[in-house]
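**Q** Sharing a structure, written as structure tokens. Questions coming.
Only the coordinates and a few stated rules stand behind these numbers; no lab work does. Since the model is a prediction, treat every value here as computed from it, not as a measurement. FYI the Cβ positions are ideal-geometry reconstructions off the backbone, even for glycines, and counts take in every protein chain you see.
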Amino acid sequence: MQLRCMRTGTTAAAPTGRSRWRRWSGPAVLFSTLLAAAVAKPAAAADSPPSGEALFKRNCGTCHVISQTPAKRQGPNLYGVVGRHAGRLDGFTYSEALKNAELVWTDATLDAWLTDASKFVPGSVMPYRQADPAVRSAIIDYLKSAGGGGSTAADAPKSD
Ligand code: HEC
């Protein structure tokens, strides 16, 4: 709409500019908020540690599976390993050392085994060592959750 100035006779746009600015400022604020969120996201993702499953795949997956059906690689199937007597899975040929070890897999024995397998059971043949306690415990938690085990009753040392 046009307004005619009574004194000069010139025309000027009606003061609609203000309301047009209001209409546009909303999306602009929203856009800059989204932009800030998008920029912040990759940094947050990099901070979160890898999951136990990812760590298992990377550290153990070349030699072990966790499977309810018989399956083995270079190492034995770790399904239900927590609470199991060491070196006793049918169909896997263990070292004499692990077969004869009087050992039940619990949080504590797994932690020592993953720290330095051949030091914990001299004569065993698993070539693996993990110095980081956080990585070991994340992997042990994953063994418990994915492996059908995890009964804490098995944490008490047994002598069978
Ligand atoms: C390079 C291959 C290799 C890698 C990597 C490896 N293992 Fe093993 N693992 C073996 C072998 C071989 C044995 C059998 C050792 C023996 O007989 O002395 C074994 C045995 C075991 C046992 C004993 C199982 C039983 O039935 O008594 C557990 C538990 C185990 N590994 C867990 C792990 C975990 C968890 C990881 C990853 C953090 C891992 N291993 C990485 C090869 C490997």
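**Q** Work out the P(r) tail for the range 69-110: percent of alpha carbon pairs separated by more than 18 Å, whole number.
**A** 21
**Q** Hey, what do the phi angles of the range 115-126 turn into as Karplus ³J(HN,Hα) couplings, whole Hz, using 6.51/-1.76/1.60 and θ = phi - 60°, x for Gly and Pro?
**A** Running phi through 6.51 cos²θ - 1.76 cosθ + 1.60 with θ = phi - 60° gives 5, 6, 4, 6, 7, 5, 10, x, x, 6, 10, 8 Hz.
**Q** Near the amide H of Gln130, under 5 Å away, which other amide H atoms are found, from residues 5 or more places off or on another chain, if H is placed in the peptide plane?
**A** Thr115, Asp116
**Q** Dividing the alpha-carbon Rg of the range 52-155 by 2.2 N^0.38 Å yields what?
**A** Rounded to two decimals, the normalised Rg is 0.96.
**Q** Can you find, among Asn59, Gly80, Ala97, the residue sitting farthest towards the positive end of the charge dipole of the range 52-155, where Lys and Arg contribute +1 and Asp and Glu -1 at Cβ?
**A** In the range 52-155, that residue is Asn59.
**Q** Got a sec to turn the phi values of the range 82-92 into Karplus ³J(HN,Hα) couplings, 6.51 cos²θ - 1.76 cosθ + 1.60 with θ = phi - 60°, whole Hz, x for Gly and Pro?
**A** Per-residue couplings from phi come out as 6, x, 8, 6, 4, x, 10, 6, 4, x, 10 Hz.
**Q** Here's something else I'd like to know. Under the rule of at least 5 residues apart or a separate chain, name every residue whose amide H is placed under 5 Å from the amide H of Val104.
**A** Residues meeting the amide H criterion: Ala86, Lys158.
**Q** Using θ = phi - 60° and the Karplus relation 6.51 cos²θ - 1.76 cosθ + 1.60, list the HN-Hα couplings for the range 130-138 in order, rounded to whole Hz, with x at every Gly or Pro.
**A** 9, 7, 8, x, 5, 5, 4, 5, 5
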